[in-house]
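Trainee: Submitted below is the structure of interest, expressed as structure tokens.
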Amino acid sequence: MLLQEVIKRQAALIAEWQRVGFIHGVMNTDNMAISGETIDYGPCAFMDAYNPSTVFSSIDRQGRYAYGNQPYIAGWNLARFAETLLPLLHEDEEQAVQLAQDAIAQFSELYHHHWLKGMRAKLGLLDEEAEDEALIKDLLELMEKHSADYNNTFLALTFDRLEGTALFGTPEFADWHERWQARLDRQQEEKEVSRQLMRTSNPAVIPRNHRVEEALEQAENHGDLSVMQKLLAVLSDPFAHSPEQAEYAELPAQCNTSYQTFCGT
């Protein structure tokens, strides 16, 4: 039925947001599309240092729509959507409520399935093992502890360029890396197959906040659209891993944790 299809699409969409560190910023119910597409993302931004509490939107003072809360908010929004459909689900109100609750209950499982599949791909895992989720979550905990950049950490793993990352040289990461390598070794496929999967799952470049601000500043204050055009060009194929994209993967000289985005921008 319609409700189930909408739930499926939202589960897949939110998992993709989480996979690349995207923060919508204003997940009000009217900003969610039943088609499963991302709309009305004026205050959106991509996370630099991994932290589930990351918020950019100036109006989200309580962190309701923080990166780590997005799956839960999506579930809440879907419940509100289901309420509007009750008269269409069944003529008996109790049965209609039960049908809606049963459908909504599937969201968490569907989201988890898509999230785990996407995160396995980011680590080059071609099959499934019971301990994969623990391996993924342990890495995320290390990234949060050491304020490691989300996208660049996965890029470093993809291309085996770990020196200079926030995790490199820490005993905890060395232990994790050994576990990951052992996990890859248990796969039947050659490691190059895993590397290729990682290259197509970890973007070479994301629209970094400082790069977006740079482009806006040049366009607004100097009438120079070339900076924006170049940024759009490198973002047009984020998985190309081309030499031109390398500089756009660089972090800002100083991380601005108070950076804010605004609706209508």
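The values are calculated or read from the model by the stated rules, or taken from the named source; none is laboratory data. Fair warning: this is a prediction, and the values are worked out from it, not measured in the lab. When we count neighbours, we look across all protein chains shown, and the Cβ atoms used for this are built from the backbone with ideal geometry, even at glycine. In case anyone asks, the SASA skips ligands and DNA or RNA and just uses the protein heavy atoms, side chains included. Shrake-Rupley method; radii C 1.70, N 1.55, O 1.52, S 1.80 Å.
Trainee: Can you name the residue in the stretch 45-88 that is in contact with a Ser or Thr (Cβ under 9 Å, 6 or more places away or on another chain) and of a type in the set (D, E, K, R) and is also surrounded by the fewest Cβ atoms within 10 Å (Cβ to Cβ) among such residues?
Mentor: In this case the residue turns out to be Arg80.
Trainee: Moving to a separate point now. Among the listed residues Gly118, Gly68, Gly124, Gly75, which satisfies the condition of being touching a Pro at 6+ places or on another chain (Cβ under 9 Å) and modelled with pLDDT of 95 or more?
Mentor: From the options Gly118, Gly68, Gly124, Gly75, the qualifying one is Gly68.
Trainee: Here's something else I'd like to know. For the stretch 90-109, name all the residues that are of a type outside the set (S, T, N, Q), in a helix (DSSP H, G or I) and either closer than 30 Å to Glu190 by Cα or open to solvent by 60 Å² or more (accessible area, probe 1.4 Å) (or both).
Mentor: Result: Glu93, Glu94, Leu99, Asp102, Ala105, Glu109.
Trainee: Mind telling me which of the residues Ala215, Ala233, Ala204, Ala219 ends up being in contact with a His (Cβ under 8 Å, 6 or more places away or on another chain) and of a type in the set (A, V, I, L, M, F, W, C)?
Mentor: Ala204
Trainee: Okay, moving on. Residue by residue through the stretch 176-190, note down the ones that are free of Cβ contacts under 8 Å to residues at least 24 places away in the same chain and either open to solvent by less than 70 Å² (accessible area, probe 1.4 Å) or touching a helix residue (DSSP H, G or I) at 6+ places or on another chain (Cβ under 9 Å) (or both).
Mentor: If the condition is that a residue be free of Cβ contacts under 8 Å to residues at least 24 places away in the same chain and either open to solvent by less than 70 Å² (accessible area, probe 1.4 Å) or touching a helix residue (DSSP H, G or I) at 6+ places or on another chain (Cβ under 9 Å) (or both), then His177, Gln181, Ala182, Asp185 are the ones that fit.
Trainee: What are the pairs, 6+ residues apart or on separate chains, where a residue within the stretch 229-240 that is over 9 Å from Ala204 (Cα atoms) and in contact (Cβ under 8 Å) with a residue 60 or more places away in the chain has its Cβ under 7 Å from a residue that is among the aromatic types (Phe, Trp, Tyr) and surrounded by 12 or more Cβ atoms within 10 Å (Cβ to Cβ)?
Mentor: none
Trainee: Another question, if that's okay. Count, please, the residues in the stretch 219-242 that happen to be surrounded by fewer than 16 Cβ atoms within 10 Å (Cβ to Cβ) and in contact with a helix residue (DSSP H, G or I) (Cβ under 6 Å, 6 or more places away or on another chain). Please lay out each step first, then the result.
Mentor: Here is the first cut: in the stretch 219-242, the residues surrounded by fewer than 16 Cβ atoms within 10 Å (Cβ to Cβ) are 219-226, 229-230, 232-233, 236-237, 239-240, 242.
Retained after the next criterion (residues that are in contact with a helix residue (DSSP H, G or I) (Cβ under 6 Å, 6 or more places away or on another chain)): 219, 224-225.
Final tally of qualifying residues: 3.
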